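Enquirer: Would you mind keeping the following structure in view while I ask a few things?
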Amino acid sequence: MEANRLSRVRTHSQPVRKTLAKRRGIRAKLNPVGATPEPKAPLTLAKEQLWKTPEGYIQIMDVGKTLAHYKKLTRLEARAVPVKIISISALQEYLRQNGATLTVAGNEKLARC
C-alpha cells in the first residue's frame, strides 16, 4: 500500500518545468525577436551644465561615479541655493520626464552613465 502511494506522488520539479516551458512559449509568441522596444539613450551629465525645466533651472555642480550634485534654481540670479545630491539615473529620468533642454553645455569631462 505504501509503494502505491509513493508511485503516484509527483516530484515538485516536474510541473514547474512544464509551466516554465509553457511560459517561454507564450512569451516567444507575444514578443517576437526585434519587437522589443529599444531603451532610450541616457542623458549625458557633465559638470557645470545648465538644464532648463518647466519649473526653472537645474545646474549640475559635480558628477561622480553614481551620484550627481545639483542646484535647483527658480531664477538664474538666485544666490545661496543649497546643493542637493541624487543618483545619476534618477536625475536623468527627471530631466527626461520633464522635457529639460540643455542651455549651457558645461565641462567637456563627461560622466560615466
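We did not get these values from a lab; they are worked out from the coordinates using the rules stated. Because the structure is predicted, anything quoted here is derived from the model rather than measured. Quick reminder, even Gly has a Cβ in these numbers, built from the backbone with ideal geometry, and neighbours come from all protein chains shown.
Enquirer: Between rounded, prolate and oblate, where does the range 50-104 land on the alpha carbon gyration tensor, with a ≥ b ≥ c its root eigenvalues, rounded for a/c under 1.5, else prolate if a/b exceeds b/c? The partial results should precede the final answer.
Expert: On the way: a/c = 2.00, a/b = 1.16, b/c = 1.72.
Oblate is the answer for the range 50-104, as a/c is 1.5 or above yet b/c matches or exceeds a/b.
Enquirer: If R0 is 22 Å, what FRET efficiency do you get for Gln97 and Asp62 from their C-beta distance, rounded to 0.05?
Expert: The formula returns an efficiency of 0.45 here.
Enquirer: So, one more: Where does each of 51-60, 67-76 land if you order them by average Cβ count within 10 Å, highest first?
Expert: Values: 51-60: 16.9, 67-76: 15.4.
In descending order of packing, they fall as 51-60, 67-76.
Enquirer: Roughly what would the spin-label model give for Lys71 and Ala90, points 7 Å off Cα along C-beta, in nm?
Expert: Rounded to a tenth, the inter-label distance reads 2.1 nm.
Enquirer: Hey, rough spin-label estimate for Glu55 and Val83, points 7 angstrom out along Cα→Cβ, what's it come to in nanometres?
Expert: With each label point 7 Å from Cα toward Cβ, the separation is 2.1 nm.
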